[in-house]
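Down below is the structure, laid out as structure tokens.
Since every read-out is calculated from the coordinates, none of them should be taken as a lab result. Just so it is clear, the structure is predicted and the values come from calculations on it, not from any experiment. Cβ sites come from the backbone with ideal geometry, for glycine too, and all protein chains shown count toward neighbours.
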Amino acid sequence: MDKEQYLEEIKRNVVLGHADKEDEGFDGDMEGTPGVSELVQEALDNGVEAKLILERMSSGMETVGGKFESGEYLIPDMLAAAECVGAATEILEPHLLKEGVERKGRFVMATVEGDLHDIGKNIVITMLKGDGYEVRDLGVGVDAADIVTAVKESGAQYLGLSALLTTTMVHMKDVLDLLEKEGLRDKVKVLIGGAPTSEEFAKKIGADAHCRDAFEAVHVLRDFSAKAA
Amino acid sequence: MSRGTKIPRYRYLTDEQCRLLHEGTCGLLEQVGIDVAHQGAARLLLDAGANERAGRVCIPRHMVDAAIAGTAKRIELAAKDPESTVVLDPDNGPLVHFGTGGQALTVLEYVAGAFDKRPARTEDLAAILRLCENLEHVDFITRPVEPDVAEHEMDLVKTRVFMENTTRHMNLANLVRVENLPAILDMVGDRGRVSFISCLLVSPLHMVDETTEKFMRIVEAGVPVAVSSCCQAGTTAPLSETGAIMQVNAEVLSAIVLGNMVRPGAKLLHRGLPITADLYGDGSPRWCQPDSIRRLACMADLTCYYGIPCCGTAGVSDEPVPSAQTIAEKALGITAELAAGAQFVNSALGLLDRIMTVCPEQYVIDNTIISLAKKHLTAGNRYDLVECAESVVRDSLAAFGAPFDDDDAVETAARAAYVVSAREDISSKSIDTQIETIGKAVCTGQSSTAFMRAARKGLRAGLLYNGSRLESAIDLERLHGAYEMHRNQRSDVCAE
């Protein structure tokens, strides 16, 4: 394959959510054929620039977004495509560094203290990785001190907090208070989400944004980046 | 004398399919195992012969079979009114009982021809219990809403409200604080009048720490407890019906093994809820769509196969307010679960909005639906489940003034047909595939995305029902009038 053929094949596999040889892809019949991870490695081995691969994968994700909005794709399709990009970006990482290409930003994500739910958090993480962010997942039931320490250590520009229970969403405020106390509040944008949370609640506790779902989180981050630029 | 209704069981699964599902469940417990967070529970299981593998507790088949053989098969749940005793005895009958349930956060209040939503309060709990005293088809009470008091007071306030407002069996559902158990039992006096639900399993295959401690103390005290596990197939379990049932069954059986080690012959109800996730939308649970209704009924069937008392669930509408669609969902769910022979069907009355909301008027609707389901399933010696379900939907809508046109009839028939139709072959091969899928997912640390990725093929093969809604309007004034009539009956029944 020449450079353009690699890039198009990578994009096609992103759109079909075909991560690797073991994955069955969009229609369930792609197992055994090279997926995004194998194609990316092969393209790099054949001298294709990491930056170009990243750009073509982003183009693939735009196609996926359009299909999702039109109803042709459902959440698992969108998520599978984002996972392909997330996994491929890890392969590209050292090459991007060499080429001087920076990631879109660093994001720390956690489900707050007392709450063990992780579906929403994991979907957000997958989507953000797929959109080019470096994401550190702190897991579930994480207390405020550990979250703030992770923000400090990683120098993250963004923090995502998730909660599914009315009894645990109150701990989001603990995190914001601790960020303030540690002098970090103006260095990190805080996004919150989860079934019982709302825009009003975000305002009440002083978060920067409330996201109804993972797709809104991606849009909110794009807005933040556009305003910062 | 027991409350309850005897119905000839409709078999959603054959005995051979139940046997295969049991094989698969044992395979999961042996090969993938449970992530047990409670150290004491893990030690108990390991000392009894379970194996530790990659930090997970793998339970061999002989332990599972011994627990199934040894756990209580007949459980009698007493009530203040002896006529309201509930006997769970799957091998003899079985009698099906319906009750309330949920942990709703909000209540709908009928104001000037519409419903207003507000946070649930302690007085709502009392009012719902008193209303249910006047509803013939409420056989027991599972806590519908929690009292709005400080966390450390919730257990005792809830128990007091139950004691003062119901003559039925008191299923308090969750124990908020383990240290409150002795005080609850002191307050109740006769321990036979109270039972709990313990959600100690989180899908996939994780036994949590704090709830496990509560579960073990309840079992130790000899109090009946329903072991509950609820997945969302497609996000926390395979979308496959076979895979989701096996996984949830493995979760519940792991706790039944543990419970019988804490107290041999423990009074445990099997409450496995292998419902689906809304992969057409935002991934929320689908409680009352035909795919979930079918899976709940299959699980009741499997539980009857074991002869373990079954705590089923039916009639939790996904809709936010009482409507024709709400009635259609509940009528199908309740009819299917009644036919399945689940003996202790909770959450069957009042619940809306995926267990987030209760509505006093909805209790009256659901009481009527249960009445009609019983009527149609007992009308002759034999029944056609699809025809009966259609009749229950049509008659329930008529009872609350909702028209039922040809489109509604087509949609209702399609939903009912979906519930009785198997979409997957259950075979040794398909079971091995599901064990592999679950094993891979739990090892990734991102099981939800792994399950979703694996769900794509099943989604296109119709494993989630995709139909239309019933849009006709119900007569809200008539409904509210019926509610007022029931509310004002026999208000002094609970006075000592």
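Between A:Glu8 and A:Leu116, full extension at 0.36 nm per residue minus the direct alpha carbon distance yields a gain of 34.8 nm.
Kindly state, to the nearest 0.05, the FRET efficiency for B:Asn92 paired with B:Asp405, given R0 = 45 Å and r defined as their beta-carbon distance. Write down the numbers at each step before the final one.
Details: r = 44 Å, r/R0 = 0.97.
Rounded to the nearest 0.05, the efficiency is 0.55.
For chain A, excluding the exposed loop sites themselves (GluC sites (Glu not before Pro), DSSP loop, at most 12 other Cβ atoms within 10 Å), the longest remaining stretch covers A:103-229.
At a Förster radius of 51 Å, what calculated FRET efficiency corresponds to the Cβ-Cβ distance of B:Arg487 and A:Met1, to the nearest 0.05? So, using R0 = 51 Å, E works out to roughly 0.10. Summary of the geometry: the range B:424-449 and the range B:63-89, compared by the centres of their Cα atoms, lie 33 Å apart. Of the residues B:Asp65, B:Asp301, B:Asp190, the one with the fewest other Cβ atoms within 10 Å heads the list, and the complete ranking is B:Asp190, B:Asp65, B:Asp301.
Calculate for chain B the 222 nm mean residue ellipticity that helices alone would give, adding -39,500 (n - 2.57) per DSSP H run of length 4 or more and normalising by residue count, nearest 500 deg cm²/dmol. Present the calculation step by step, with values, prior to reporting the outcome.
On the way: 16 runs with 230 residues, N = 496.
Helices in chain B give a 222 nm mean residue ellipticity of -15000 deg cm²/dmol.
Centre-to-centre separation between the Cα atoms of the range A:157-229 and those of the range B:360-406: 46 Å. Computed extension length for B:Asp425-B:Lys440: 3.2 nm, one decimal, from 0.36 nm per residue of separation with the Cα-Cα distance subtracted.
Label-to-label distance, A:Asp27 versus B:Ser468, with points set 7 angstrom from Cα along the beta-carbon direction: 3.0 nm.
The distance from the alpha carbon centre of the range A:106-152 to that of the range B:267-330 is 31 Å, rounded to a whole number. Extension gain, B:Gln39-B:Arg382: 0.36 nm per intervening residue step, less the Cα-Cα distance, totals 118.4 nm.
Pairs with C-alpha atoms separated by more than 20 Å, drawn from the list B:Lys73/B:Lys375; A:Lys98/A:Lys189; A:Lys104/A:Lys204; A:Lys121/A:Lys181; A:Lys152/A:Lys173; B:Lys6/B:Lys73, are B:Lys73/B:Lys375; A:Lys98/A:Lys189; A:Lys104/A:Lys204; A:Lys121/A:Lys181.
Legend: calculated FRET efficiency, A:Asp186 to A:Asp146, from the Cβ-Cβ distance at R0 = 25 Å, rounded to 0.05, equals 0.75. Is the C-alpha gyration tensor of the range A:117-189 telling us rounded, prolate or oblate? Criteria: a/c under 1.5 is rounded; beyond that, a/b larger than b/c is prolate, otherwise oblate. Oblate, since a/c reaches 1.5 and b/c is not below a/b. Label-to-label distance, B:Asp190 versus A:Leu97, with points set 7 angstrom from Cα along the beta-carbon direction: 7.2 nm. By the compact-protein rule of thumb, 2.2 N^0.38 Å, the alpha-carbon radius of gyration of the range A:1-150 corresponds to a ratio of 1.10. Anisotropy class assigned to chain B is oblate, per the alpha carbon gyration tensor with a/c at or over the 1.5 cut-off and a/b no larger than b/c. Taken residue by residue and averaged, Cβ atoms of other chains lying within 10 Å of the Cβ of B:455-464 number 4.
Given the options A:Met172, A:Met57, A:Met30, which has the most mean-square fluctuation in a GNM of chain A, springs set between C-alpha atoms less than 10 angstrom apart? Evaluated over chain A, the most mobile residue of the options is A:Met30.
In plain terms, the residue of A:Cys84, B:Cys388, B:Cys288 with the fewest other Cβ atoms within 10 Å comes first and the most crowded comes last, giving B:Cys388, B:Cys288, A:Cys84.
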